[in-house]
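First up is the structure itself, then whatever we jot down about it.
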Amino acid sequence: MTRRTAFAMTDPKLIRNFSIVAHIDHGKSTLADQFLLKTGAISERDFRAQTLDSMDLERERGITIRMHPVTIYYTYKGQKYELNLVDTPGHVDFSYEVSRSLAACEGAVLLVDSTQGVQAQTVANAYLAIENDLTIVPVLNKVDMTISRPDEVAGEMKSVLGIEPHEILKASGKTGAGVDELIQAVIDRIPPPPGDPNSPLKALIYNSHFDTYKGVVVYVRLMEGSIRKGQRIRLMRGGTEHEVLEVGQFRPAPTVCDELGTGQVGYFTAQIKNIADANIGDTVTDAHHPAAEPLAGYKVPKPMVFSGLYPTNNNDFEALREALGKLKLNDSSFVYQPEVSEGLGFGFRCGFLGMLHREVIQQRLERDSDLDLVQTAPNVTYEILNRKGETIAIDNPQKVPDAGQIEEFREPIVRVNFLVPSENIGDLMTMCHDRRGVFVRTEYLSQTRAILVFELPLAEIIYDLYDKLKSVTHGYGTMDYEVLGYRAADLVRLDVLVHHKRVDALSTIIHRSTAERRGRAMLKKLREEIDRHLFEIALQAAIGSRVVARENIAAMKKNVTAKCYGGDITRKRKLWAKQAAGKKRMKMVGQVELPQEAFLAVLETE
Amino acid sequence: MTDAPWLVPQAAYVHIPFCAHRCGYCDFAIVVGKDHLMVRYLDALEAELETLIQPRPVQTLFIGGGTPSHLPEAQLERLLRVLKRWFPLESDAEYSIEANPESLTADKIVLLAQHGVNRVSLGAQSFDPRSLAVLQRSHDPTTIATAVKCLSGSISQISIDLIFGVPGQTVAHWTDDLDRALNLGISHISTYGLTYEKGTSLWKQRRSGRLIPLTEDDELTLYQTAIERLTKASFTHYEISNFALEGRQSRHNQIYWANYAYYGIGLGAARYVGGVREVNTRDFDAYLAGRRSWQSEKLSPLDRARETMAVQLRRAEGIHRVFYRRQTGHDLDAVAPRLAALVDQGVLIDTSERVFLSANGKYVADAVIEKLL
C-alpha cells in the first residue's frame, strides 16, 4: 500500500542516518519497534502484535524484508528531526549487506545484550562500522532482566572494542526504558549527513527489490543534490537512463513524496524492468546535469558456496530455470548457470554467499514452485594452477583436471573469530586442529570468556562447524569469519562409485590426509540412505583408480505380500500410489535409486 | 466389449463376519460375541443383495469371512438359499466356502453339498500346537484330519491354509506341517507368510518386544521349503501363496489376480464393477442399519493398467502381452518402461509373449512391482 502525504524537504542538519548492529537475538527488532512506537510511526496495538509475533516476524524478516529502511520523526529541544533507520541483517553470510547498509549511514547503534555479553557478531559488526568511519552509539539492552550484568559486559566492550563505559547507554526493548535517551544520543552524537544540496544529483543504490507493477524499486541514499518525479536520471555504472515515476520514503509503509533531498534515504521507481540494470553500489545522477565521478560503491560479493540443483524429473528443467530466474530478480547475490551431470542429467550450478543463504534459496524454491529437486552437497570454490601457468577457478569437483595437469591446487582460507567460555578452549583447539586449522591467537575478554582466532580452510567450516561449536560450548560460543585468500594444499578429488559407476554429483574435493576417513564416512552414510535393491550394491570411494574405502548394500531377500484378494487390492492401490510418488523424489543412477539424502553423504566427516 | 469380464462381474464374494474369537494375526472385518445378531445380519445382507436389482449369474461364488461355518445350520441354510436366488450358478461353476475345522459338522457339510458348494477352504494354519498357540488359534490339530475326512465324501475340492514364519517356527516344524497337509490327500494348499498387521495382537506384541519375528533369511528359507516340498508333490505354484494339483486352482481367486470384475456383498466387502472399486463399511452396526457404502473410486485407464500389471504379476503365468493390451488398452512396455532392466536383474522372465516373475523374483515380488510402477 502506498500512502501520499504533503511533504517538505528536510534541512540536512536535521537528518540523522543510522543502523543498529548487533549479534543475532540480541533484541534488535524489538528495539527497532520501540523506536517506531516512541516516534508515533506505529501504534501501541501494532507494537504488541509485532512483539507477540516476534518469532515468526524475525524469521520472515531475516529472509524477506531485511534491510528495509524506516523514516521516523522525533522532536528534541524544539526541533523536529528526521531519523532514517537502515536495517542490517544479522547473519555472517550477509555481512557484505551490513556494509551496504552502513555506507548509507553516518552512525550505528551498537546493541549488546547485557545478559549475554559481547559475541562474535558484535565484534565483527562493530569493526565494520569503525571501518566505515561511523560514529558508534553503544547501548546495553535487556537491562530490566534480573540476569543482566551490565558492568561486566561494559568491561568486555572496553577490552575488545575500546569503548569507554561512560559512553554506554542502557535500554530495554521490552519495556521501552532508556529508548528516549537513546534516540537523543543518536541526535546528539551522530553527525548530520554532509553533501551539497545544490550539486548535481549523486545517490547511492544500496538495495532494491522487484515489484510486479512498478518494476525495480531502487533504495537510495542521497549524497548530493535531489531527486524528484519526472526527472531524467542516469545510472552511472550501468549506463542506462530512466524517467523517475515515483519517489518516496518508508514510514514504515511506502509513502510517496515529491522529492528526496541531500542526506535523505528513500526509494524511487522508473519502470526498470531488469534488476540487473539497477546494480547495488551504482550511483544515480541527473541525465542532463551529471556528476563528474560516481561514488566509490562497494565490492560485489563473490559467492563462496556452490551446489548443484537438479529436477528429479528431467522434464522440469525449464520450469526450474524459470523459478531460479524469478529468485534472481530479488537477490542479485545469488548466481546460477546450467550444468550437466552424468548421473543427474540437466540442472544448474548455483552459487551462494554461505550456508544460510543456500538454505534460504532452497526454502524459497520449495515454497514458490512445485518442483521436486535434488540438491548436491555444497562445495567451495577452489583454484588450480595448471602446467600451462593458468589459474582456473573450480566451483565444481567435476572440473578438476587430471593430476598430471595440476601444478598447484589451492583452497580458500578464512580467519575465524570464536568467542567462547574459557573452559571450552581445549575442545575448540582440538576441533580446529582436526579441521586443519592454524592457531593465530587467544585474547581474554574476562576471566571466563575468550576470543580464539584460527585460520581454517573454508571447506572445513561451511557445513557443520557452527553446529559443532554450539555443541562443544553448550550454546554459549559464537563465531564469525572473513575470507583471507587462497593457499596451496595437498588436495585431491575423491570419487564415489555406486555399483561400479562413478556418480559425478558425489565427487568431492578433500585433503589427501583425510581421504580414507572421509571415504569410509561417506560410504557408511550412503549405505544408510540407499534402500536395499534386488541386487547387491557395491559402494566404493576412490582417488583416481585407487580405491580407498568400500561397502556393500546386501540385496533384498524377501519382500512379498502373502495375500492379495479382493479387498487387498484396494488397500494395495494406495500403497502403490504412495510408492510411485516417493519414486518421483528418487534419482536413478544406472539401476540404483538414490534419494536426495544420499547426495549429502559427501558432507559426512566422521 | 460391454460384457468384458474386467467390467462385468462373473464372480461374487459374500462376507460372513462372525467368529468364535479373534486370532492374533487377524485384521479382517470380523465380529466376536455378536452371534445373537446373525439373523439381523442376514437381513442386512439380503437388503444389500436387493441392490443388485436382478439375479446375477456367476461362474464363481465365494463365501468368506470371518468364519462362515460358524453359522448354525438354520442360518447357513438361509444364506445358501438367498444366494442361490441372487447369484445363480452357471453350469460348471465353482462354489467355495471358508470353514474352520472345529465348527464344521456333518450336517452342515450335507447342507453345503445340497446347495451345490463344491469347494471348501479350511483355515488350518498349522498342525503344530506351539505355532497355533502363538497365533492364538484355538483348534486341536487333530480336528483338521477329521474335518477333511468328513468333507471328502461330498465336496470335490478341499483346500487348506497354512501360515509360515510364526515366531519360534523351525524348518523342521514347517516341513512337518507341509507333509501332514500333503498326507490329507487334498488338492489345494495356500501358504501365507505371517504378516504383522497394524493393530493386531501380534503386532502389539512385536512392537513391545515380547515377540521376536523371524529373520528375513529364515522366512525366505521357509518359503523356499514350501515351494520345493509342494512342487515335488506335483502341486503347481500358480500364485505367490497358492499351490494346486493340475486343474484344481481356485477359479474365484484367479479372477482377482486377472484383475477382473467381481461383486462383493457383506460387511467390509470389496467389489470391482464397471471399473469402479468400492468397499463397504467395516462398522458392524452401520452395516446392520443399512449404511453400507464407505469408499468408492473410479480408476483412470492408466491406473487400471498399472493395477492390472501389479496383480497379474502375482500369477505364475504372469502377464500375457496381447491379453494385457486388450484388457487395459495399454502396451505393457509403455506402462512399465523399466521392465527390461528388471529382466536383466534376473527377477523377471520375458518370453515376448508373456512376462512373469522368476523363481528369485517371487521372493521379492513387492519390490519388483514397486520398481515397475
Checking the condition more than 14 Å from chain A (Cβ to nearest Cβ), under 23 Å from residue B:251 (Cα atoms) and not in a helix (DSSP H, G or I), which residue from B:185, B:209 passes? B:185
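To keep it simple, each residue is scored yes or no on (1) in contact (Cβ under 8 Å) with a residue 40 or more places away in the chain; (2) within 14 Å of chain A (Cβ to nearest Cβ); (3) touching a Ser or Thr at 6+ places or on another chain (Cβ under 7 Å).
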| site | (1), (2), (3) |
| --- | --- |
| B:222 | yes, yes, no |
| B:234 | no, no, no |
| B:240 | yes, yes, no |
| B:246 | no, no, yes |
| B:254 | yes, yes, no |
| B:257 | yes, yes, no |
Pick from region B:271-284, criterion among the hydrophobic types (A, V, I, L, M, F, W, C) and part of a strand (DSSP E or B), ranking: nearest to the other protein chains (Cβ to nearest Cβ): B:279
Checked B:268, B:264 against criteria (in a strand (DSSP E or B), within 10 Å of chain A (Cβ to nearest Cβ) and in contact (Cβ under 8 Å) with a residue 60 or more places away in the chain); the one match is B:264
Determine, yes or no, whether residue B:255 is within 22 Å of residue B:357 (Cβ to Cβ), in contact with a strand residue (DSSP E or B) (Cβ under 8 Å, 6 or more places away or on another chain) and not polar (S, T, N, Q). yes
Could you tell me whether any residue of region B:212-226 is touching a Lys or Arg at 6+ places or on another chain (Cβ under 8 Å), open to solvent by less than 10 Å² (accessible area, probe 1.4 Å), within 21 Å of residue A:556 (Cα to Cα) and at pLDDT 95 or above? yes
Take region A:208-225 and flag every residue that is open to solvent by 20 Å² or more (accessible area, probe 1.4 Å) and part of a loop (DSSP other than H, G, I, E, B). A:212, A:213, A:214
Tally the residues that are modelled with pLDDT under 95, open to solvent by less than 20 Å² (accessible area, probe 1.4 Å) and either in a strand (DSSP E or B) or not aliphatic (A, V, I, L, M) (or both), restricting the search to region B:24-52. 2
Checked pairs for region A:433-456, first in a helix (DSSP H, G or I), second among the small types (Gly, Ala, Ser), C-beta under 9 Å and 6 or more apart or across chains, list as none
Among the strands (runs of 3 or more DSSP E) lying completely within region A:321-405, list those that include at least 2 residues that are crowded, with 19+ Cβ neighbours inside 10 Å. A:335-341, A:345-352, A:373-375, A:382-386
Among strands (runs of 3 or more DSSP E) completely within region A:507-566, the ones holding 3 or more residues that are surrounded by fewer than 18 Cβ atoms within 10 Å (Cβ to Cβ) and more than 12 Å from chain B (Cβ to nearest Cβ) are A:546-553
Please name all residue pairs, on different chains or six or more residues apart, with Cβ atoms under 8 Å, provided the first residue is in region B:280-300 and is surrounded by fewer than 11 Cβ atoms within 10 Å (Cβ to Cβ) and the second residue is of a type in the set (Lys, Arg). B:296/B:277
Are any residues in region B:93-122 closer than 14 Å to residue B:67 by Cα and under 21 Å from the mean Cα position of the chain (by Cα), and if so, which ones? B:96, B:97, B:98, B:99, B:100, B:101, B:102, B:103, B:104, B:120, B:121, B:122
Select from region B:101-116 the residues that are in contact (Cβ under 8 Å) with a residue 40 or more places away in the chain and crowded, with 17+ Cβ neighbours inside 10 Å and list them in ascending order. B:101, B:102, B:103, B:104, B:109, B:112
Name the residue that is farthest from the chain's Cα centre (by Cα), counting only residues in region B:308-321 that are part of a strand (DSSP E or B) and either more than 19 Å from residue B:359 (Cβ to Cβ) or more than 14 Å from chain A (Cβ to nearest Cβ) (or both). B:320
Which one is farthest from residue B:172 (Cα to Cα), of the residues in region B:128-141 that are open to solvent by less than 20 Å² (accessible area, probe 1.4 Å) and touching a His at 6+ places or on another chain (Cβ under 9 Å)? B:132
Considering only residues that are under 26 Å from residue A:518 (Cβ atoms), modelled with pLDDT of 80 or more and among the aliphatic types (A, V, I, L, M), look in region A:567-606 and name the one that is most open to solvent (accessible area, probe 1.4 Å). A:588
Qualifying positions in region A:301-320 - among the small types (Gly, Ala, Ser) and open to solvent by 30 Å² or more (accessible area, probe 1.4 Å): A:319
Within region A:15-33, the count of residues that are of a type outside the set (A, V, I, L, M, F, W, C) and more than 26 Å from the chain's Cα centre (by Cα) comes to 1
Has region A:47-61 got at least one residue that is under 18 Å from the mean Cα position of the chain (by Cα), at pLDDT 50 or above, over 18 Å from residue A:85 (Cα atoms) and open to solvent by 40 Å² or more (accessible area, probe 1.4 Å)? no
Tally, over region B:322-372, of residues that are within 15 Å of residue B:306 (Cβ to Cβ), part of a loop (DSSP other than H, G, I, E, B) and open to solvent by 30 Å² or more (accessible area, probe 1.4 Å): 5
Only unsatisfied item for residue B:287, checking (1) more than 30 Å from residue B:44 (Cα to Cα); (2) more than 10 Å from chain A (Cβ to nearest Cβ); (3) in contact with a Ser or Thr (Cβ under 6 Å, 6 or more places away or on another chain), is (1)
Search region A:238-254 for residues being in a strand (DSSP E or B) and of a type outside the set (A, V, I, L, M), and hand back the single one that is most open to solvent (accessible area, probe 1.4 Å). A:243
Among the listed residues B:108, B:84, identify the single one that is in a helix (DSSP H, G or I), under 30 Å from residue B:164 (Cα atoms) and in the same structural domain as residue B:176 (by TED's automatic domain parsing). B:108
List the number of the failed condition for residue B:305; all other conditions in (1) in a helix (DSSP H, G or I); (2) within 10 Å of chain A (Cβ to nearest Cβ); (3) crowded, with 18+ Cβ neighbours inside 10 Å hold. (2)
Being within 20 Å of residue B:244 (Cα to Cα), at pLDDT 95 or above and either of a type in the set (A, V, I, L, M) or out of contact with any Gly (no Cβ under 8 Å at 6 or more places or on another chain) (or both): is that true of residue B:151 here? yes
Against the condition of a type in the set (Gly, Ala, Ser) and at positive phi, how does residue A:345 come out, does it pass? yes
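The values are calculated or read from the model by the stated rules, or taken from the named source; none is laboratory data. All of these numbers come straight from a predicted model, not from anything done at the bench. Cβ atoms come from the backbone with ideal geometry, glycine included; neighbour counts cover every protein chain shown. The area values use the complete protein model at the heavy-atom level, side chains included, leaving out ligands, DNA and RNA. Shrake-Rupley method; radii C 1.70, N 1.55, O 1.52, S 1.80 Å.
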